[in-house]
Amino acid sequence: MELVSDPKVKQTALSAIGNTPLVKLNKVTKELDANVFMKLEYFNPTGSYKDRMALAMIEEAEKEGYLKEGDTVLEYTGGSTGSSLAFVCAVKGYKLKIVTSDAFSDEKIDTMRAFGAELTIIPSPGGKTTPDTIPNMMKLAEKMSKEPHTYWTNQFHNKHMLKGYNGLGKEILDQLNAQVDAFVASFGTAGCSMGVAEVLKARNKNTAIVLIEPEESPIVSKGIAGTHDIEGIGVGFVPPLLNRELYDEIQTVSTEEAIDMTRKLARKEGIFTGTSSGANVVASLRVARKLGAGKNLVTVAVDSGLKYLSTEVYH
């Protein structure tokens, strides 16, 4: 049977990744002169911007011959990367093994399982992200990667993901006719912030790139690793993909501030997302105050609030 030729029809679910809406914030920004826009990445198939990087990591590995039919993909992840990899692997027919932790939401763990991933869960003290959470997951994943016919995506060291996020940067430029004065983003792997920064800085070197760490764990800006409750960021070490030449400033946001803003986004803007996105907006408002009238700032709603219904954010 012939495939549908209409370009509006996607041939597989993978083709639904990207081209997400860019929305202007109005109520949490009502006293600001600058324009603050939020890229709603929860419009991606799994409700997360990680779909972009998961597809890029898998397809680039295929092109380079590291991943072949019948192989098993392996990754350590807090859940969103795992959900996205599980989605991509389901469509492409690969088995997937995930090393994760009970520090992350039940919804993320359940989603990975729903797509068919095989999970190994490492306990974390108090169910929170500690400085040891990610390193412990990485160590186990490295051990498991020695198994035959296993491809370890190893996200913190995988430069292929930058290509996926380059696409996000290009979409932002297109949606704002290249008029982008600042981009604000929290970071875990730093893949999104660096991938977008590559594109924005190449277009205009004066575009300000502001990154965000948890106030309780400012490992890059202050050399302090601590325990916090903003999922997906503040991993307890400096991510290898972080490029000092591509960002201008790092700010910190507390877990309390992030949670408060996440709730405000849902109740005032109708934007239903998670705490790292709340942190993005907290810092964006600070930066916007300095930018002034007519300037455009962009940040990201990295995933859906549906991933956090079991957490304190929405209780």
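Here, each number is a calculation from the coordinates, and none is a lab measurement. Everything numeric here is computed off the predicted structure, so don't read it as measured data. Ideal geometry is used to build each Cβ from the backbone, glycine not excepted, and the neighbour counts take in all protein chains shown.
Taking the Cα atoms only, what angle lies between the long axis of helix 50-63 and the longest principal axis of the chain, rounded to 10 degrees?
Relative to the chain, helix 50-63 is tipped by roughly 40 degrees.
Using the Karplus curve 6.51 cos²θ - 1.76 cosθ + 1.60 with θ = phi - 60°, what ³J(HN,Hα) values do you get for each residue of the range 195-205, in whole Hz, with x for Gly and Pro?
x, 5, 4, 3, 6, 5, 5, 5, 7, 8, 5
Dipole size in debye (nearest 20) for the range 50-157 around its Cα centre, Lys and Arg Cβ +1, Asp and Glu Cβ -1?
For this selection, approximately 100 debye.
Take Val23, Val9 and order them by how many other Cβ atoms sit within 10 Å, fewest up front.
Val9, Val23
Residue farthest toward the positive end of the dipole of the chain, with Cβ of Lys/Arg at +1 and Asp/Glu at -1: which of Tyr49, Ala283, Ser84?
Value computed over the given set: Ala283.
Mind pulling the angle between the C-alpha long axis of helix 275-291 and the longest principal axis of the chain? Nearest 10 degrees, somewhere in 0 to 90.
30 degrees
So if I place +1 on the C-beta of Lys and Arg and -1 on the C-beta of Asp and Glu, and nothing else carries charge, what would the dipole magnitude of the chain be about its Cα centre? I want it in debye, nearest 20.
600 debye
Pull up all non-local amide H partners of Leu96: gap of 5 or more, or a different chain, and H-to-H distance under 5 Å with H placed in the peptide plane.
Residues meeting the amide H criterion: Val73, Glu118.
Pull out a ≥ b ≥ c, the square roots of the eigenvalues of the alpha-carbon gyration tensor of the range 195-315, then state rounded if a/c is under 1.5, prolate if not and a/b is larger than b/c, and oblate in the remaining case.
Note, shape of the range 195-315 comes out oblate.
Normalised by the empirical 2.2 N^0.38 Å for globular proteins, what value does the Cα Rg of the chain take?
Ratio of Rg to 2.2 N^0.38 Å for the chain: 0.95.
How many angstrom lie between the Cα centre of the range 116-167 and the Cα centre of the range 246-315?
Between the Cα centres of the range 116-167 and the range 246-315 lies a distance of 25 Å.
Given Cα pairs under 8 Å that are at least 6 residues apart, what percent is the relative contact order of the range 50-157?
With pairs under 8 Å counted, the relative contact order is 32 percent.
Given labels modelled 7 Å from the Cα in the Cβ direction, how far is it in nm from Glu147 to Ser221?
Each label point lies 7 Å from its Cα, and together they span 4.0 nm.
Taking +1 at the Cβ of each Lys and Arg and -1 at the Cβ of each Asp and Glu, which of Leu162, Trp152, Ala141 sits farthest along the dipole of the range 130-171 towards its positive end, judged by Cα position relative to the Cα centre?
Selected residue: Leu162.
Does the range 145-205 come out rounded, prolate or oblate by the C-alpha gyration tensor, with a ≥ b ≥ c the root eigenvalues, rounded set by a/c under 1.5 and, if not, prolate when a/b is larger than b/c and oblate if not?
It is prolate, given that a/c is not under 1.5 and a/b is the larger ratio.
Over 26 Å between Cα atoms: which of Lys163/Lys201; Lys30/Lys290; Lys30/Lys170; Lys50/Lys264; Lys268/Lys307; Lys128/Lys222 fall into that group?
Those over the limit are Lys30/Lys170.
Give me, ordered by chain and number, the residues 5 or more places off Ile212 or on other chains with an amide H under 5 Å from its own placed amide H.
Ala185, Ser186, Phe187, Gln251
Show me the three semi-axes of the equivalent ellipsoid for the range 50-157, from the C-alpha gyration tensor (sqrt of 5 times each eigenvalue), largest first, rounded to whole Å.
22, 15, 12
With springs connecting C-alpha atoms under 10 Å apart, model the chain as a Gaussian network and identify which of Thr150, Thr81, Thr275 has the largest mean-square fluctuation.
Of Thr150, Thr81, Thr275, the most mobile in the Gaussian network model is Thr150.
Which of Tyr66, Tyr42, Tyr165 has the fewest other C-beta atoms within 10 Å, and how do the rest follow up to the most?
Going from least to most buried by this count: Tyr66, Tyr42, Tyr165.
Name the long-range amide H neighbours of Val300: under 5 Å, sequence gap of 5 or more, or other chain; modelled H, no Pro or chain starts.
Amide H to amide H, under 5 Å and 5 or more residues apart or across chains, Val300 pairs with Lys39.
Which ³J(HN,Hα) values, rounded to whole Hz and listed in residue order, are derived for the range 164-181 from phi using the Karplus coefficients 6.51, -1.76 and 1.60 in 6.51 cos²θ - 1.76 cosθ + 1.60 with θ = phi - 60°, glycine and proline given as x?
Using θ = phi - 60°, the values come out as x, 7, 4, x, 5, x, 5, 5, 4, 4, 5, 6, 10, 6, 6, 8, 10, 8 Hz.
Calculate for the chain the 222 nm mean residue ellipticity that helices alone would give, adding -39,500 (n - 2.57) per DSSP H run of length 4 or more and normalising by residue count, nearest 500 deg cm²/dmol.
The helix-only estimate for the chain comes to -10500 deg cm²/dmol at 222 nm.
Just need the relative contact order of the chain here, percent rounded to a whole number, with Cα pairs under 8 Å and 6+ apart.
Relative contact order for the chain comes out at 22 percent.
Please order Cys192, Cys89 by the number of other Cβ within 10 Å, starting at the fewest.
Least to most surrounded, the residues fall as Cys89, Cys192.
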